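The values are calculated or read from the model by the stated rules, or taken from the named source; none is laboratory data. This structure is a prediction, so every number in the text was calculated from the model and none was measured. Cβ placement follows ideal geometry from the backbone for every residue including glycine, while neighbour counts extend to all protein chains displayed. With ligands, DNA and RNA removed, areas are computed over all heavy atoms of the protein, side chains included. Shrake-Rupley method; radii C 1.70, N 1.55, O 1.52, S 1.80 Å.
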Amino acid sequence: MDEILELLENKQYTNLRQHLAEMNHADIAVIMEELPEEEMLKVFRILPKDMAADVFSYLEVESQQFIITSLSDKEAANIIDNLMADDATDFLEEMPANVVKKLLANANPETRRDINHLLRYPEDSAGSIMTVEYVDLKENLTVAEAIERIRNVGLDSETINICYVLDSQRTLVGTVALRYLLLSQPDERIGDIMHEQVISLHTLMDQEEVAHQFQKYDFIAMPVVDNENRLVGIITVDDVVDIME
């Protein structure tokens, strides 16, 4: 904390940026919360772009609102675009309607679609806390093709440890663990090696029941399906920690 204040006071912004780049995102957020608002904003602007959204997700709602309303429309939209959809939704639910409208108008179409999708679900339901960032695979893919898909989309996914297998109607038909993929032969088909007994959550399931399911099965992630058993999102264990407590 003292080192960051000293670098700020001496306007050693390059050194401050390098120092922040080596820190844990949650630790940066804790330090920012202790700074006066203008200094907090200054530190946020100095953050490397690839860190900004992650640090933002750890801040208190009041700090998030101050920062987002202090940024330009383009800068604010960039933060929303780079947040995981569930984090972005949680944030937007706390924002005034006029600010939400402006942010969604400037967000890219993909982000806007994902957030609007999540905002439709009732408060305290599984749908309201799920994320739409996951890796889905088709049954007819080979292991080699599946691994290539994970490389292409995994960076934007909440987790890649478990991949979800869908048919042509997006019905959830199985799961496959990344570890199992890596140990399988490259030409094996996903449909032949997937685990077909899938335990899923319904979009309208109460959050307390969601937490109970996580405790019961000790999963780190669970799929969320609609009435037709179509995959619409996943919930990861970090999303239900507060409910468990």
Next item on the list: Scan around residue 121 for amide H atoms under 5 Å from its own, H built in the peptide plane at 1.01 Å from N, and keep only partners 5 or more places away or cross-chain.
Entry: none
Item checked: Percent breakdown of C-alpha pair distances by 5 Å bin, ordered from the shortest bin, for the chain -> 1, 6, 13, 15, 15, 14, 13, 10, 7, 4, 2, 1, 0
Item checked: Where labels lie 7 Å past Cα in the beta-carbon direction, separation of residue 24 and residue 105 in nm -> 4.0 nm
Checklist line | Alpha-carbon centroids, the stretch 56-79 and the stretch 91-153: separation in whole Å | finding: 19 Å
Check: Given a Förster distance of 35 angstrom, what is the FRET efficiency for residue 217 paired with residue 98, based on the Cβ-Cβ distance and rounded to 0.05?
Finding: 0.25
Check: Over all distinct alpha-carbon pairs, what is the Kirkwood Rh of the stretch 47-186 in angstrom?
Finding: 16.7 Å
Next item on the list: Could you pull out the pairs from 49/102; 49/101; 74/138 whose alpha carbons sit more than 26 Å apart here?
Entry: 74/138
Notebook entry, point to check: What order, most packed first, do the peptides 118-129, 16-27 have when packing is the mean number of other Cβ atoms within 10 Å of each residue?
Noted result: 118-129, 16-27
Item checked: Förster radius 41 Å - calculated FRET efficiency between residue 120 and residue 142, Cβ distance, rounded to 0.05 -> 0.70
Check: What is the set of long-range amide H partners of residue 201 at a cut-off below 5 Å, with H atoms built 1.01 Å from backbone N?
Finding: 224, 225
Checklist line | Built amide H within the under 5 Å cut-off of residue 165, gap 5+ | finding: 137, 173, 174, 175, 176
Checklist line | For the stretch 117-224, fraction of C-alpha pairs farther apart than 16 Å, in % | finding: 60 percent
Next item on the list: Return one whole number: the accessible area per residue of the stretch 33-169 in Å², for a 1.4 Å probe.
Entry: 51 Å²
Next item on the list: Report the relative contact order of the stretch 43-139, percent, no decimals, based on alpha-carbon pairs under 8 angstrom and at least 6 residues apart.
Entry: 27 percent
Next item on the list: At q = 0.14, 0.15, 0.26, 0.27 Å⁻¹, what is the base-10 log of I(q)/I(0) for the stretch 17-88 according to the Debye formula with one equal point scatterer per Cα and no solvent? Please give it to two decimals.
Entry: -0.36, -0.42, -1.39, -1.51
Next item on the list: Please report, largest first and rounded to whole Å, the three semi-axes of the ellipsoid equivalent to the stretch 1-130, where each semi-axis is the square root of five times an eigenvalue of the C-alpha gyration tensor.
Entry: 29, 14, 13
Note to self: Within the chain, what whole-number % of the accessible surface is contributed by carbon and sulfur, with the 1.4 Å probe and all protein chains included in the calculation?
What the structure shows: 45 percent
